[in-house]
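Below is one structure, written out as structure tokens, with a few remarks after it.
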Amino acid sequence: MLVRVLILGCIVLGSLSAYAAQIRVAIDADPISLDPHEQLSEGGIQYSHAVFDPLVRWRHDGSFEPRLATSWQMRDDNTMRVTLRDDVLFHSGNAMTADDVVFTIRRLKRSVDFKALFNIIEDVDKIDAYTVDIHTKHPYPLMLNILAYVFVMDQQYYAGQDDVIKFGETFASKNVSGTGPFIVEKRIAGQTLELVRNALYWDDESDGNVERLEMIPIRSDSTRLAALLTGDVDIVSPVAPVDMARVSRTPGISLSSIAGTRVVILQMNESRREEFRDVRVRQAMNLAINQSLIVEKILRGHGVAAGQLSASPFQGHVPELTPQYDLERAKQLMKEAGYEEGFRVTMMAPNNRYMGDEKIAQAAAAMLQKINITVDLKTLPKAQYFQQYDQRVADVMMLGWQADTFDSNNIYEFLLACPNPDTGMGAYNASEYCNPVIDSDIRHANREMNPERRVHALRQIERQIYDDAVVIPLYWQSIVWAAKSDIELDHVVNFLNFPYWGNLEVER
Amino acid sequence: MNILHRPLIPTSTKPTRLRHILSAIRGDKLALFALLIFAFYCLVALLAPLLAPYDSSSNDFMDLLNAELPPYWQSGDSRFLLGTDTQGRDLLSVILYGTRLSLTIGVCAVLIQLLLGVCIGLLSGYIGGRLDTFLMRCADIQLSFSTMMVAIVVLAVFQALFGNAAYQQLAMLMLIIVLGIAEWPIFARIIRACVLAEKEKEYVDAARIMGVSKVRIMFRHILPNTVSPILVILTIQIANAIVAEAALSFLGLGMPPTQPSLGALISSGVNYLFSGAWWIAVFPSITLIILIFVMNLLGDWLRDHLNPQTGKGVP
Amino acid sequence: MLSFVLRRLLQAVLVLLTISFASFMIQGKLGDPVRQMVGTSVSVEQREALRDELGLNDPTLVQYGRFLGQALQGDLGTSYYYKESTLTVIANRLPATLELSFCALVLVIVMATPLGVFAAINPKNWLSRSILLFSTLGLSIPIFIVAVFLMYFFAIEWRLLPSFGRGDTTQVLGLWQSGLFNKDGLMHLLLPSVSLAFVMTPIFIRLIRAEMIDVLQSDYIRFAWSKGISAPRIYFIHALKNTMLPVITVGGIQTGTLIAYTILTESIFQWPGMGFLFMDAVTRVDAPLISAYLIVVGLIFVVTNTLVDVVYGLVNPRVRIPGYSA
């Protein structure tokens, strides 16, 4: 008896020392719901990686790492066979099987936010308890990119109450059973999300030792940083560019900054303004904007000046297309186009969406002033901004785009394709630029299974829009996290900005 | 924001009022000092385009290359005495223009308050009865909602309504109208109280018997007697309007960043406090505080001297 | 008297109806909740379908009728973001704001009373003059500047106090979550309540001083002097007692100012109270929550004002309240 107590005591002590870390993370906004399918947003996916597991996930180098899927292979052009792990338990205690995967994918196809991504999937078949076949509508080169969004949900747990309704008071929005490294202990919307380590987590190779993880939304950049500086929280993101110098100077706090793939651009509306239909005007505007200066002064170097849409990890990236700044040439082009005296345009930008968005819009307006384009700038909070954006109310609009599939073609589909309300193509094409050649190239790239030919097709598009100066690319936003120095963030935070909290190791 | 609960009892007024005030202020060093500073502010605001080292409408006013230079005595850069903001604008110029904007908004808003207040106050006090009850209830209700609350709500709606760049031109007008409408009851109440007090006096009865029209009685006989209490409230109301405008801009509901008032400047500067660029927030803050301080001092002084019985400090 | 109270109640109801209509109208004008919450790759029709589902496409009057009917049953709608009844959400945040205001008011009374009384008793003293001067200065510093600089120095530079939130809370009598009963909660309370108190104190110093001067000139105080009652007794028992009632009622009217100031303070310190909730709701375009907040705040205003009117009318019959001609 005594021996058993001692052993038990040792286990308890042992587990305490192994899993002692309690971490508080301050982020800018908390997920709107406990239902991972309710909103497709960065915050939502970050939450999903903590409480659920995807079939596969990205490694730091951009390749895919098996998670709940152990292997996958193409059966034919339109079918992929996926084999699942057989040792995974949900937080509810149910075992994860093929039924759960079928349930999850079908539910994703019903989700307002995710259905665009999952439309390509025709159906899912269960082959045996740990095997499924996924059928696509046509050959699709980005299958794995999509499987990285399949966070498997517990079919038995949600059975009969699996509605996925935006802003709805559904069962799934308040109750959760996933397979992930953390279990939700308490959630007060807008104030805190408290997670505790899943003791029965299947991934025993993970070195993660965070026992409790608390996510606290803090809206204001300076308050969030203050919380880190005063020690109220351990990790914060994002960090405003202006504060980065301060963070790096502060002893006991370290900054991780990783090149991101979100591109921020200005779109010049060609239907609203006749002037923008002249390629020389568009080129002049591109030349008048000094992207490097913006990155250096406003983003404090935490971004990459962009001359094209695809960031360097993307297949469409063409290294030669660098941002150009030449004021004289810009003035010359304006003169040639007959607009030496300039003109007046309206411009809108969000003021709480992208890193330094408002300041960058102001700076861009000041730069355009130098080629006599007078800009009436209005900045709005994101909720109001995107409503205005949908109505295309200003001549120049700012937009940031993160490709959910981490592939160039996603950017082209939404930002460059001719606007088509039926297919949803060009939904964010506020340039209202329409080029049938590019449209067919985009369709082609979406079916091309040969990797080399696909890369070639994507780069073709990138060059075409560069020559046409369709948009003004500004920069690729960096992903910046700051933490107390004893927290090793670098191998947890990645270029996707989906930190894998389950792997976080803290030595205290 | 401020509630004057008891009617001020007006003193008898004479044409030499102004001279009287001036001679009195000469005897009070603090008030004189405040008056001088206030006059300086007004002058600076009027002459901002001439005084500012840089022209805010010029193409070269904003240059990112000059962003965030510290003040002259730290950077040694003689082009920018108080340093530059994050867009590379000369802080001194921006503050001069900002002061001009803040004062303009404050004065215009109070003029609207005054106009509304005088009309409603005269009507209410002179006609009396149900109209009086109704108007004063409206005033009570209007005042019970703090100006800030009303302004926050109304401006948020305006922003959504005008949505596009047109709002930029309208922002100033909106601020003036909102702040103007929100505080008319303060003037209305005082005027009404004066009217009530004057109405009973013999000379008004006499005028009425002589067949002078109501409007004429109100404007020619009663209104001049309300000048003193109005003067007292005026300075303080302008100061309050400026503070309210600053607070609204701080919340992001005021002037756009391209055309900053003092409040908008402070608001954008606050984000740079942590990073060490203290001057962007500190200089506009000091400018604003001094302006409000001298106006409050003047208001207090006027109250003490024009209404000896009520030594009341109403904020 | 009864008819006066009844008339006030009727007015209060009218005011509330106006507020409800205004806040209802705001719902339709404040951005688009659908666009805000849906992810980036959602088509126009899907959004339109969602609008139908939420009843955002019905005629205005139909929507208002629905809104009023529900409001009368205590249902002010469901917050888009919190997915809970808006009244529940607001009720959850109310204690934080009440505690903040309460602590600020305690600080205000502790500081303002002795200073105001002193300034009233010795009007010519240099100390009184500097008290008045400093109160004017205090009035001239906008609250957001005070709050930001307090936070900068105490939280960031010197790292003495926490910078945001309420800290630990304890359940009190099973009624509300309170931060008043543990050290962490009190530490968090300090900066926001000091900021609030900083701007409210000068108002009250002046109010107390002015009322006290009035009272000291009154006949019964002169009578008390002539009876030979000791000075401290006159000042602190007789005079102060008569000063405080008008001060409290006039102070009651400052509720509106207090609420506006809490919006600013709470936004800066991310204090999880009603003001912060409101600004959050505005940015999130959580229309039901915005209108519910306006109605709740409107209710608070109307109730305090009606109470103050009645109390003030009773206490101080010298003041003629319009409509109160009994």
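The values are calculated or read from the model by the stated rules, or taken from the named source; none is laboratory data. The structure presented is a predicted model; accordingly, all values stated were derived computationally and were not measured. Cβ placement follows ideal geometry from the backbone for every residue including glycine, while neighbour counts extend to all protein chains displayed. These area figures cover heavy atoms from the full protein model, side chains too; ligands, DNA and RNA do not enter into them. Shrake-Rupley method; radii C 1.70, N 1.55, O 1.52, S 1.80 Å.
Among the conditions (1) closer than 21 Å to A:Arg262 by Cβ; (2) surrounded by fewer than 21 Cβ atoms within 10 Å (Cβ to Cβ), the only one that A:Thr374 does not satisfy is (1).
The residues listed here are A:Gly356, A:Gly338, A:Gly400, A:Gly316; of these, the one that is in the same structural domain as A:Val437 (by TED's automatic domain parsing), modelled with pLDDT of 90 or more and on the phi > 0 side of the Ramachandran plot is A:Gly338.
Residues in the stretch A:474-486 that are in contact with a helix residue (DSSP H, G or I) (Cβ under 8 Å, 6 or more places away or on another chain) and open to solvent by 10 Å² or more (accessible area, probe 1.4 Å): A:Lys484 only. For the stretch A:409-445, a tally of residues being at pLDDT 90 or above, open to solvent by 10 Å² or more (accessible area, probe 1.4 Å) and among the polar types (S, T, N, Q) returns 3. Here the stretch A:216-265 is the region considered, the condition is being among the basic types (Lys, Arg) and open to solvent by 20 Å² or more (accessible area, probe 1.4 Å), and the residue that is farthest from the other protein chains (Cβ to nearest Cβ) is A:Arg262. Inside the stretch C:141-166, residues that are of a type outside the set (Gly, Ala, Ser), in a helix (DSSP H, G or I), touching a residue at least 24 places away in the same chain (Cβ under 8 Å) and within 11 Å of chain A (Cβ to nearest Cβ) make up a count of 3.
Taken over the stretch C:62-91, residues that are touching a helix residue (DSSP H, G or I) at 6+ places or on another chain (Cβ under 8 Å), in a loop (DSSP other than H, G, I, E, B) and within 11 Å of another protein chain (Cβ to nearest Cβ) amount to 5. Summed over the stretch B:34-48, the residues that are open to solvent by 50 Å² or more (accessible area, probe 1.4 Å) and touching a residue at least 24 places away in the same chain (Cβ under 8 Å) give a count of 2.
Return the residues of the stretch B:216-235 that are closer than 15 Å to B:Ile120 by Cβ and surrounded by fewer than 17 Cβ atoms within 10 Å (Cβ to Cβ); say none if nothing qualifies. Once the filter is applied, which keeps residues that are closer than 15 Å to B:Ile120 by Cβ and surrounded by fewer than 17 Cβ atoms within 10 Å (Cβ to Cβ), the stretch B:216-235 yields only B:Phe219.
If you scan the stretch B:237-253, which residues turn out to be open to solvent by 10 Å² or more (accessible area, probe 1.4 Å), more than 7 Å from chain C (Cβ to nearest Cβ) and part of a helix (DSSP H, G or I)? Those that are open to solvent by 10 Å² or more (accessible area, probe 1.4 Å), more than 7 Å from chain C (Cβ to nearest Cβ) and part of a helix (DSSP H, G or I): B:Ile238, B:Asn240. Counting only residues that are open to solvent by less than 30 Å² (accessible area, probe 1.4 Å), in a helix (DSSP H, G or I) and over 25 Å from A:Asn145 (Cα atoms), the stretch A:387-408 holds 2 of them. Scoring A:Glu340 on the criteria (1) touching a residue at least 12 places away in the same chain (Cβ under 8 Å); (2) within 16 Å of A:Ala259 (Cα to Cα) leaves a single failure, condition (2). Taking B:Ala109 as the residue in question, decide whether it is closer than 13 Å to B:Ile181 by Cα, crowded, with 19+ Cβ neighbours inside 10 Å and within 19 Å of the chain's Cα centre (by Cα). Taking the combined requirement at face value, the residue satisfies it.
Applying the criterion of at least 2 residues that are touching a Leu at 6+ places or on another chain (Cβ under 9 Å) and under 23 Å from C:Met111 (Cβ atoms) to the helices (runs of 4 or more DSSP H) found wholly in the stretch C:185-283 leaves C:240-253, C:255-269. For B:Gly88, the test of being at positive phi and more than 11 Å from chain C (Cβ to nearest Cβ) is passed. In this structure, is C:Leu105 away from chain B (no Cβ under 14 Å) and in a helix (DSSP H, G or I)? Yes. Per the listing C:Ile268, C:Ile290, the residue uniquely open to solvent by 10 Å² or more (accessible area, probe 1.4 Å) and either acidic (Asp, Glu) or within 12 Å of chain B (Cβ to nearest Cβ) (or both) is C:Ile268.
Just one of the listed residues (A:Gln283, A:Gln362, A:Gln384, A:Gln332) is surrounded by fewer than 18 Cβ atoms within 10 Å (Cβ to Cβ) and either of a type outside the set (Val, Ile, Thr) or within 14 Å of another protein chain (Cβ to nearest Cβ) (or both), and it is A:Gln332.
For the stretch A:4-13, the criterion of being of a type in the set (A, V, I, L, M) and modelled with pLDDT of 80 or more is satisfied by no residue at all.
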